[in-house]
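A short write-up of the structure that comes next.
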Amino acid sequence: MLEKLVLLIDNRKELKTKYNKLLKAPDMRVILKSSIKDAINDLTHLQPDLILISDSVCEKLSDDIRNLR
């Protein structure tokens, strides 16, 4: 069975732990990042199947996403 990778971006430590427990499954790996910039740095080699960005992240996403090109 292929492992699925979820990238979770949330700057609240207590909720990252909660989400990690909720998403954890035998065929799923959860990577936790505290900021968009940290996530983007790892995005090319991680290649996640799903990216979840919390509404608590106060960074301007459009500029960071444009920089991915």
Restricting to the stretch 1-16, and then to whatever is of a type outside the set (A, V, I, L, M, F, W, C) and closer than 18 Å to Asp55 by Cβ, can you tell me which residue is most open to solvent (accessible area, probe 1.4 Å)? Lys13
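Residue-by-condition table, conditions (1) at pLDDT 80 or above; (2) open to solvent by less than 60 Å² (accessible area, probe 1.4 Å):
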site: Lys18; (1), (2): yes, no
site: Leu23; (1), (2): yes, yes
site: Lys33; (1), (2): yes, yes
site: Leu50; (1), (2): yes, no
site: Asp55; (1), (2): no, no
site: Asp64; (1), (2): no, yes
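The values are calculated or read from the model by the stated rules, or taken from the named source; none is laboratory data. Bear in mind that the values here come from a model prediction, so they are computed numbers and not experimental data. A quick note on method: Cβ atoms are made from the backbone with ideal geometry, for glycine too, and the neighbour counts reach across all protein chains shown. Remember, those area values only see protein heavy atoms, side chains included, never the ligands or the DNA or RNA. Shrake-Rupley method; radii C 1.70, N 1.55, O 1.52, S 1.80 Å.
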